[in-house]
Every structure is written in structure tokens, then in C-alpha cells.
Amino acid sequence: MRNVYVPVPAKIIDIKIETRDVKTYRLVFEYDGFRDDFSFSAGQFVEFSVPAVGESTFCIASAPDDKGYIECSVKKVGKVTEAIHMLEIDNMVGIRGPYGNCFPIEDMKDKDVIFVGGGIGLAPLRSLIRQVLSGRENFKKITIIYGARSVQDLVYKVELEEWQKRADIKTVLTVDPGGETADWKGRIGFIPSVLEEVSPSGTNSIVITCGPPIMIKFVLLTLDKLGFAPEQILTTLEMKMKCGVGQCGRCNVGNIYVCKDGPVFTYSQIKEFIEEIN
Amino acid sequence: MDMLILNKNELIDNIKSLFKDYEIVGPSQLDGKLYFRPVKSMDEVVWDFVNPVNNIKDFFFPPSQVLYELRQDRIKAFEPDTKKKRIILFARSCDTRALNLLDKLFIGNYKDTSYTARRETTTIIGLSCLEPADRCFCISLGGGPFATKGMDVSISPVRKDKFLLHILTDKGKDIIAEQGTRPEREELSLTEALKQKAEEAIKRKINIPSDFFEKFDSDYWKGVSQACIKCGICTYLCPACHCFDIIDEGYFRIRCWDTCSSDTFTKMAAGEDHRKQKYKKYRQRIYHKFQYYKENFGEIACVGCGRCTTYCPVKMDIVEIVNNS
């Protein structure tokens, strides 16, 4: 019986600098048997350990079909993430997972799919976007609305360009007023107002949103205005976690554990939470 | 279920014979207070008591334990010594009931390997409670001074020098060597009378209001939580509390007890905390025990031992607080 708290070793094989405080780490499992067996669904997360420093929760940002490696995008905000940012290629880290539930991709088929992301919130969405795009014919209209405080803060810039080039998806990028550069060709405006301008239809569609709490708050108000019901809105929650498997109690809200019963929830489920979490 | 009568000397001899092959944990004095701790002989064991300061969860879910060593070039897991068998002596029914509650979490979806190993190698000898304390309220939560849930062997007094043993599991069978005598009807009635007397002595009752769920948003919690100083004693001494922290000390990853009343329990790296105010923390403790655990596992995570009330430095009374909500 494997001890669920003990991580497996993983090696960093690539580090991409996304912004001034976000880096994406590509990891390969060194543990025989784990390398080929590790599989996950978009929306799940891992517990990422730095020896002698600590462990943190990160969603898997690579696509489930990317065999042989996983990617995590890490924003530098505290002790562990600062230590992660000092790691180099070939350094070993510990990974536990995958944990959590996943985006219900089956429920999105034959519907319009709208992604609304802000800042680092694009990380969990990216896994799902790539999975959806690899089966593009199963979905109707696909819209990606993504923004950040400034051009500098946009993540996955290479991928954003690829998505913009595609004719079969609508990609709208925006930066907050004041965050544009001289040659910025995207929109300028806060994400909720850009969402309102794009005005996707609430009929037979599903929205997946992730970003800072203030953005989510206003995006939900806008979606309500546009006619989206709470069951049509999916998001992925962030919560302090330690064990990742529903035992330590930290992420316990009402009778659910965000690590075990989430982190993906519909807005109607979140409204049912006994406790307000933002 | 086997029942037998042993007199006190026979019982002591039986237990003495177990010191050879088992580590024995029992109630014994330390610095003027009573604790469950490893003992080397029956002379150290106390027979007349209500309940020690600590409870038996310490021996399955220790205050801190090293999980593994994590370095760049190796990961070494630490598993508990499962060759060493252990007996917990004279546990009360409230504490043994709590262990069954913890089983639902630790041996659930993800089996906690060290907890499971310790459960398998430990045999529990329970002792019925003759004189409950004023703080006890086990009956209103489905327990009782002579209850046997969670025990492998239960010892109930018949008279001062005679005991009725119930052997409840195979593990219990393995440790009772004495044949004893079959209980006579008269002896059973004597025990039954002691049981009635003990049950009547428990006057405190906890009464969870039927609309407890709806009371979540009430301002009541702001008032009752004011005295709390977030010391965590209630959590550490509660047999049913089980939340923990995972921290790094050097290259060792350690799991240790934690309390939802701690300031850092829900605080995230960039400073967000959805439970910053004290009343929210206290409310979480109460609702986790009396609402959420019941919704998830079918039972309330409180066994009525009363330790939280006895040792709280500001005398917060969980029974009063829940009953008046």
C-alpha cells in the first residue's frame, strides 16, 4: 500500500519565463512505471515539493494528451514559489497526484464553449483548451477571452498567437487600461466589459472562467446579464491545501473538501456552499 | 461474543503476562496529572480515574511524525514499526468510540498507511466508567459509560474485586489467556445495576437544534466566540479532532497536529484568507463536528468526553454553546 504523502521524483527539463513573476516548468517523472502510467484529466492538480522548503498546489497546465511530461505554471507569491523560481533545469522535485476532480468535458460536447481567463488563471484553462482543440469537431463555437493587467503579464504568449491565427476559434485578448504597449493590437479594457462587448449567447453554451477573485465577481454579474444560468458556469477554486486528498481539513468548506470534491465546480454548486469563500 | 468472570488477581496476572510480547499503554501519573502513556509494569497503572488528560488518538495519529526525507537524490519514506504489537489498557468508551470515527476518515478513500498499520497492531482493552465526571455527556451522543464500541476486550466491574470481561473481537481473544468462570445471573445483575447507576449520574445533555444548518449565518457565533484565545487546546485534547499540517524541517517532511483556530489554517501565500475573523474559525470547528462530519460520514464528530470544556483556559462550554444556538 503506497503512502499517499510520499512524492515521486520528477526532473525539470525545461523552464519557460512567461512574465516577470510567472514561470512554466516542464517535468519528467524519473520513477519507473510512473513515467508512462501518469495520466490525468484537465482540471486536476499536483502537489509540487521542493526539498527542504515545502509543498504547494499547482494545476496541471499541459494537455492530458502530452505524454511523457507535465507542465506547471508557477507565480512567485511566497516562500515555496520563490524557491521554485530559483530552481534550474535538471533539478529534482517531488510530485504527488493527480488529485481533484476534472472539467466535465463530455458535458461540453455539441455546445458553444467560452473560456474567460485573467492573469495566471489561464493556467488551468490551458489544459482544457488544448484538450478541446484536439477534438475540435465535437464542439460548436469556441471563444477565448483572456486578459491581464498589462501586456507583460499575459502568459503563454506563444500559444495565444497560435490561437489567434486559427480561423475556427475566436480569440479576444485584452489588457487593463494603462497596460498597453505602443504596438499592442488587442483590446484595452477590463475583462468583464470585454466579455459584455463580445456578448456570447447563453443558449446551449458553457462558460469556464478562472482568474483573480475581483475579476470572477464581475464576470459572474456580466454572465448573469447575458443570460447564463449558474449551471452553465464552471470555475476552478483556489484554496489552502496540504494533503490534497481530503484528510487534513484545511480546504474543508461545508461538507466538501476543495481538493477532493473540486477544484472544479459549477457556479450553482458554489452558491450552495454554506460558507462564503470570497 | 464471549463473556467471562475474572477476579482482580486473575485479571492482573493476565495483563502482566502480556508485558513480554506487547508494548503496554495505560493511564499513569506524570507530574501530578494522569496520562495515557507507555508503562513498564502494572504498578504504574491507575485503576480509579475518570479520564486521563490525553486520549488514545495519540497512539494512532501522533502529535508529530516524520513522513519521509526528501532530498535532490533520494526520497526515503518512514513507516511505523509494525512488528511491535501494542495494547492500550483501560480506555474509556468515549475514547474508543472516537477511534471508530477517525477510522472513517483515515481508512477511507486514501488509506493513511501509518494509521492503518497502527490500528492493525494495537489491541484495545476498555474499562467501563463507574463514576462519570460532571463534564461528561456521552449518552446524548449515542455513547455510554458501559458502552463497548471500538473495544477488543471490555472490562466491567461486578464488585470491587471481580470483573466481567466481554471478548469482542479475535484480537481480544488472542490476549485473554485466563479461562475464568462463566458469568452467573447474579453477577450480571450486579454489573447491570452499576451500569444504571453510572448512566443516571450523567446529567449533562447536548441537544443540537433541528434547524442547526440554518443558524450558520446568525450573529450568535460572533458573541459566543469572543472569549476564545485560539490556543488550540480543545483541538489537541479532543479524541475526535484530526486536522493536521504538513511542514518541512530541514530535509524531513513532518505531519503534525493542527487546529482550525490557528491564524494560518486557511491563509494563502499571497495573503488571502476566507476565514480571517475569529468567529468564523470557531464556527468552523462547531459546524465541522456537528454538521459536516455527520453529512459526510454519518456520525457527529464529538463523543461527549468533555475535555475541551475542562481544559479551555477561558472556560468555553461546547454543550452550552450548541444547546443555546
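Based on the convex hull around the alpha carbon atoms, the stretch A:50-162 presents an average projected area of 8.4 nm². The separation of the stretch A:137-171 from the stretch A:255-269, counted between C-alpha centres, amounts to 27 Å. Charge tally for B:Glu214 (other residues, Cβ to Cβ under 15 Å; Lys, Arg +1; Asp, Glu -1): -4. Placing a label point 7 Å from the Cα of B:Val53 along the Cα-to-Cβ direction, the residues of the stretch B:15-33 with a backbone N closer than 17 Å are B:26-33. For the stretch A:96-126, the residues whose backbone nitrogen is under 18 Å from a point 7 Å from the Cα of A:Asp14, taken along Cα to Cβ, are A:123-124, A:126. Label reach from B:Ile229 (point 7 Å along Cα→C-beta): in the stretch B:311-325, amide nitrogens under 18 Å belong to B:311-318.
Site pair A:Trp184 and A:Lys111 shows an inter-label distance of 3.2 nm when each label is modelled 7 Å from Cα along Cα→Cβ. The per residue volume of the convex hull around the alpha-carbon atoms of the stretch A:8-99 is 86 Å³. Structural descriptor for the stretch A:8-99: relative contact order 38 percent, calculated from alpha carbon pairs under 8 angstrom and at least 6 residues apart. DSSP beta bridges fully contained in the protein assembly as shown are about 65 percent antiparallel.
Projection of the Cα convex hull of chain A, averaged over all directions and equal to a quarter of that hull's surface, yields 14.9 nm². Maximal additional length on extending the B:Asp43-B:Leu130 stretch stands at 29.2 nm, based on 0.36 nm per residue less the C-alpha distance. A Cα-only calculation for chain B places Rg and Dmax at 21.1, 69 Å. Seen against the Cα atoms of chain B and their longest principal axis, helix B:93-106 is set at about 50 degrees.
In a DSSP loop and with at most 13 other Cβ atoms within 10 Å, there are no chymotrypsin sites (Phe, Trp or Tyr not before Pro) in the stretch A:1-81.
Lysine pair count for the stretch A:158-278 with Cα-Cα distance under 14 Å and sequence separation of 8 or more or different chains is 5. Counting 0.36 nm for each residue step from B:Phe78 to B:Asp2 and taking away their Cα separation leaves a gain of 23.5 nm.
What the phi angles of the stretch A:51-66 give under the Karplus curve with 6.51, -1.76 and 1.60, with θ = phi - 60°, is a coupling list of x, 6, 10, x, 9, 9, 8, 9, 6, 7, 8, 7, 7, x, 7, 6 Hz, glycine and proline written as x. Could you check what % of the DSSP bridge pairs in chain B are antiparallel, to the nearest 5? Expressed as a percentage, antiparallel bridges in chain B total about 75.
With the gyration tensor restricted to C-alpha atoms of the stretch B:166-246, the semi-axes of the equivalent ellipsoid amount to 43, 22, 13 Å, longest first.
Scanning chain A for helices, which whole DSSP H stretches are 24 Å or more long along the axis (Cα) and average -1.0 or more by Kyte-Doolittle? Helices meeting the span and hydropathy rule in chain A: none at all. Gyration tensor analysis over the Cα atoms of the stretch B:1-149 returns equivalent ellipsoid semi-axes of 29, 20, 16 Å (largest first, whole Å).
Inter-label distance, B:Gln196 to A:Ser193: 8.1 nm, where each label sits 7 Å from its Cα along the C-beta direction. Note on chain B: GNM, Cα springs under 10 Å; of B:Gln277, B:Gln72, B:Gln226, the largest mean-square fluctuation is that of B:Gln72. Note on B:Thr169 and B:Val314: the extension gain reaches 48.0 nm, defined as 0.36 nm multiplied by sequence separation minus the Cα-Cα distance. Using R0 = 30 Å, the C-beta based FRET efficiency linking B:Arg182 and B:Asn100 works out to 0.55.
The mean count of C-beta atoms from other chains within 10 Å of the C-beta of residues in B:265-275, rounded to a whole number, is 6.
Computed packing ranks the peptides B:22-30, A:126-134 as A:126-134, B:22-30, most packed first, by mean other Cβ atoms within 10 Å.
For B:Asp21 and A:Glu30, the FRET efficiency from 1/(1 + (r/R0)^6), where r spans their Cβ atoms and R0 equals 51 Å, is about 0.75. On alpha-carbon atoms, Rg over Rh for the stretch A:105-236 using Kirkwood Rh? Rg/Rh: 0.93.
With distances taken between every two different alpha-carbon atoms, the protein assembly as shown has a Kirkwood hydrodynamic radius of 27.0 Å. Each of A:Glu159, B:Glu199 was scored by other Cβ atoms within 10 Å of its Cβ. Listed from fewest to most, they are A:Glu159, B:Glu199.
FYI, it's all coordinate maths here, none of it is from the lab. Please read these numbers as outputs of a predicted model, since none were measured by experiment. Neighbour counts run over all protein chains shown; Cβ positions are idealised from the backbone, glycine included.
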